[in-house]
1. Name the single residue that is nearest to Arg290 (Cα to Cα) among those in region 228-251 being hydrophobic (A, V, I, L, M, F, W, C) and buried (at least 17 other Cβ atoms within 10 Å of the Cβ).
2. I'd like to know if region 115-128 contains one or more residues that are within 25 Å of His57 (Cα to Cα) and in contact with a helix residue (DSSP H, G or I) (Cβ under 7 Å, 6 or more places away or on another chain).
3. Among what's in region 281-303 and is outside any loop (DSSP other than H, G, I, E, B) and touching a residue at least 40 places away in the same chain (Cβ under 8 Å), pick the residue that is surrounded by the fewest Cβ atoms within 10 Å (Cβ to Cβ).
4. Quick one: count up the residues across region 35-59 that are loosely packed, with under 15 Cβ neighbours inside 10 Å and touching a residue at least 60 places away in the same chain (Cβ under 8 Å).
5. For region 8-25, what are the residues that are more than 9 Å from Arg51 (Cα to Cα), at pLDDT 90 or above and aliphatic (A, V, I, L, M)?
6. Pick from Gly38, Gly29: which is over 18 Å from His141 (Cα atoms) and either of a type outside the set (D, E, K, R) or not assigned by TED's automatic domain parsing to the domain that holds Ala103 (or both)?
7. Of everything in region 119-171, what is within 24 Å of the chain's Cα centre (by Cα), part of a loop (DSSP other than H, G, I, E, B) and farther than 29 Å from Ala83 by Cα? Give them in sequence order.
8. Among the residues of region 90-110, write down those that are assigned to a loop (DSSP other than H, G, I, E, B) and modelled with pLDDT under 90.
Amino acid sequence: MSESAGCPVRLPAPLMLAHPIRVLPAAAGVVYEAKLDGVRAVCGAGRLWSRHHKQLHVPEVIAAARGLGDGVVLDGELVVFAAAGRCDFPAVCRRLHSPAPPAVTYVAFDLLAAAGRDLRALPYRHRRLRLTDLLAHPAPHLQLMPATDDVAEAADWYASPLVEGLVVKPLDSAYPRRRDQRGWQKLRRRHTITVLAVGVQGPPAAPQRLVLGGYVGTRLRIVGATLPLAAAQRSALPRLDVRDGPRAVPGWMLGGLPGRHGESAWYLPVHPVCVDVAADAAVDGGHRLRHCPPLVRPRPDLDPASVTLPLPAA
C-alpha cells in the first residue's frame with residue numbers, strides 16, 4: 001500500500017465489512033442505509049480501488065471526486081443506473097473493462113478522511129454528518145447513499161426492487177472494525193426460487209455444496225452453487241446419481257465476480273433434481289446467481305425439465 005501526498009490514509013485502505021443478518025432489526029442508535037447493486041470501491045488521492053485492492057479506471061468518477069478537495073477518501077459503490085432507477089450490475093462490470101458507455105456513478109456512504117485528517121476513529125454519526133455536508137451539492141457522477149433512522153422507511157426501501165438490501169450501522173461505530181454483529185450488519189432481499197441441482201462438490205452421498213443450473217432449450221447451464229450444506233440439509237436430499245466424471249469450471253461461475261477467481265472449481269455432475277433456494281437480488285442477466293444462496297428444500301414433486309432460464313427476478 002502507498003500513501004499519497006496530502007492524504008492521511010494509506011491507500012488502498014482496508015474496507016469495513018458487514019455481518020449478514022436475516023431480519024431487519026428495529027433498534028435505537030442505528031441508521032439504515034440503502035444497499036445498491038454495484039461494485040464496492042474506495043476513492044481517494046485521484047484513484048479508485050476495489051475491495052480487493054485492484055486499481056479501477058473510471059475517469060468520470062475520479063474527476064468528480066477531485067472537486068471535493070485534497071485529502072478526501074470515500075467508501076462507496078460504483079453503480080450504473082438503468083431504467084426506472086434500477087442498478088445494472090453487469091453494465092458496471094463491462095464499464096470497468098472498457099471506456100465505452102454507460103457512465104458510472106459513485107454513491108458514497110462513508111468518509112474515511114477529509115482536510116488532511118484520518119476520520120476512521122470517529123463515530124459513524126460524525127462521519128456521516130461531514131459526508132452529507134461534503135456532498136450537499138452532488139456532481140453528476142458522485143452522489144450520497146440514502147440513509148434513514150426510521151425503521152418503517154427502511155422497511156419500505158427493503159421492499160423496493162430498486163435496492164439489493166439494507167446496511168444497518170450503529171451511530172457510535174468507528175471505522176474499521178472487524179465483521180461481527182456489533183458493527184455493520186447487512187440484510188439482503190431474498191426470495192425463494194426453484195433451480196436444479198446439477199452437480200455436487202464433495203461425496204455424492206454427503207455433498208458439501210450443490211452446483212445449481214437450469215435449462216436454456218435443451219442445454220443445461222450452470223447458474224451458481226449453494227452455501228455449504230448443514231447435516232440436516234444433506235439428509236433431506238433425495239439420492240443424487242452421478243452421471244459423469246469430475247468437471248472443472250471457472251471459479252466465479254459458482255459465485256463471485258467474473259475474473260476474481262483465477263483457479264478452476266471442480267464438481268461431479270449428477271442427474272438434475274429440483275431444489276428451492278433463497279436467492280438475493282444479485283442475479284446477472286437472469287442466468288447467474290452472483291451470491292451463493294442457502295438451500296431451502298428439495299422439490300421431488302417437480303419435473304426438472306420445467307426449470308428454465310432466465311431465473312425469476314426478485
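1. If we take residues in region 228-251 being hydrophobic (A, V, I, L, M, F, W, C) and buried (at least 17 other Cβ atoms within 10 Å of the Cβ), then Leu229 is nearest to Arg290 (Cα to Cα).
2. no
3. Within region 281-303, the match that is surrounded by the fewest Cβ atoms within 10 Å (Cβ to Cβ) is Gly285.
4. Result for region 35-59: 1.
5. Met16, Leu17, Ala18, Ile21, Val23, Leu24
6. Exactly one residue qualifies, and that residue is Gly29.
7. Correct list: Arg120, Leu171.
8. To start, the set of residues in region 90-110 that are assigned to a loop (DSSP other than H, G, I, E, B) comprises 97-104.
The answer is His97, Ser98, Pro99, Ala100, Pro101, Pro102, Ala103.
The values are calculated or read from the model by the stated rules, or taken from the named source; none is laboratory data. Everything quoted here is computed from the prediction, not taken from an experiment. Quick reminder, even Gly has a Cβ in these numbers, built from the backbone with ideal geometry, and neighbours come from all protein chains shown.
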